[in-house]
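A.B. asks: Take a look at the following structure, please.
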Amino acid sequence: MPLVRYRKVVLLGYRSVGKTSLAHQFIDGEFLECYDPTVESTYNKMLSMGKDEFHLQLVDTAGQDEYTILPHSFIIGIHGYVLVYSVTSLKSFQVVKSLHSKLHESRGKTRMPVVLVGNKADLSLESRQVKTDEGRKLADSWGAVFLESSAKENQMTQGIFTKIIEEIDRVDNSYGEQ
Ligand code: GDP
């Protein structure tokens, strides 16, 4: 029997960027046009990656802005973060910057596993407010993984969550290297 490793990951970002849609595509494999604004939901999924088994607990949050005070439950016992913005909202891009710096501060400036996601990549170029390159540069400056996704077209919706699990292992294993 393979060892099952438990990983708790939080989805954070401004409201309406598609956090619930991404979680729903990942867990149930479908996209609904309309969701009630999420209060907070937790999903559980077992994942096999190579010869490893993971129990992923995913916390979908209500959405934050620059003024949000992050609760302890988003800091303590959390292995990794998926920070989501919408490529059609510059405001949501500013919010992920602010969230990252708050998390970094609260976690004592230790390295933390992060996947930065630019969602709604299916929408037309005219409605874009954040270029792919800007997202990549921001993730690079954090030492994080960068992906663009579409919950609507089911692009990268599995990749986001396998990446965060890989990133948690990578950051864990690199402690002590410096
Ligand atoms: P949340 O508040 O961040 O959880 O965002 P939701 O998942 O509730 O999505 C907000 C709105 O954006 C909903 O109307 C979704 O149908 C829509 N939406 C979410 N993801 C995508 C996407 O990848 N592409 C498009 N075109 N719309 C999306």
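A.B. asks: Does Lys109 satisfy being open to solvent by 10 Å² or more (accessible area, probe 1.4 Å) and in a helix (DSSP H, G or I)? First the steps, then the outcome.
C.D. replies: Working: open to solvent by 10 Å² or more (accessible area, probe 1.4 Å): yes; in a helix (DSSP H, G or I): no.
No, not satisfied.
A.B. asks: Let me ask something else about it. Scan the range 24-51 for residues that are among the acidic types (Asp, Glu) and modelled with pLDDT under 90 and jot them down. Outline the logic, then answer.
C.D. replies: Of the range 24-51, the ones among the acidic types (Asp, Glu) are 28, 30, 33, 36, 40.
Glu33, Asp36, Glu40, listed by residue number.
A.B. asks: So, one more: Look at the range 14-29 and say how many of its residues are farther than 19 Å from Thr162 by Cβ and either open to solvent by less than 40 Å² (accessible area, probe 1.4 Å) or more than 6 Å from the ligand (Cβ to nearest atom) (or both). Spell out the reasoning first.
C.D. replies: Just the residues of the range 14-29 that are farther than 19 Å from Thr162 by Cβ, to begin with: 14-17, 20.
Pick out the ones that are also either open to solvent by less than 40 Å² (accessible area, probe 1.4 Å) or more than 6 Å from the ligand (Cβ to nearest atom) (or both) and you get 14, 17, 20.
Matching residues across the range 14-29 total 3.
A.B. asks: Tally time: how many residues in the range 45-89 are open to solvent by 40 Å² or more (accessible area, probe 1.4 Å), among the aliphatic types (A, V, I, L, M) and within 16 Å of the ligand (Cβ to nearest atom)?
C.D. replies: Counting residues in the range 45-89 that are open to solvent by 40 Å² or more (accessible area, probe 1.4 Å), among the aliphatic types (A, V, I, L, M) and within 16 Å of the ligand (Cβ to nearest atom) gives 1.
A.B. asks: Of everything in the range 112-142 that's more than 16 Å from the ligand (Cβ to nearest atom) and open to solvent by less than 50 Å² (accessible area, probe 1.4 Å), which residue is farthest from the chain's Cα centre (by Cα)?
C.D. replies: Let us first name the residues in the range 112-142 that are more than 16 Å from the ligand (Cβ to nearest atom), namely 112-114, 131, 133-134, 136-142.
In the following step, the residues that additionally are open to solvent by less than 50 Å² (accessible area, probe 1.4 Å) were identified as 112-114, 138-139.
Numbers: Met112: 12, Pro113: 10, Val114: 7, Leu138: 14, Ala139: 12 Å.
Checked the range 112-142; the qualifying residue farthest from the chain's Cα centre (by Cα) is Leu138.
A.B. asks: Can you tell me how many residues within the range 17-32 are in contact with a strand residue (DSSP E or B) (Cβ under 7 Å, 6 or more places away or on another chain) and either hydroxyl-bearing (Ser, Thr, Tyr) or assigned to a loop (DSSP other than H, G, I, E, B) (or both)?
C.D. replies: 3
A.B. asks: When Asp133 is evaluated against the numbered criteria (1) within 21 Å of Ile168 (Cβ to Cβ); (2) without any contact (Cβ under 8 Å) to a residue 12 or more places away in the chain, which criterion, by number, is the only one it fails?
C.D. replies: Status for Asp133: all satisfied but (1).
The values are calculated or read from the model by the stated rules, or taken from the named source; none is laboratory data. From a predicted model like this one, the values you see are computed outputs, not experimental measurements. So basically every Cβ, Gly included, is an ideal-geometry build from the backbone, and we count neighbours across all protein chains shown. When the accessible area is computed, the model is the full protein with side chains, heavy atoms only, and any ligands, DNA or RNA have been set aside. Shrake-Rupley method; radii C 1.70, N 1.55, O 1.52, S 1.80 Å.
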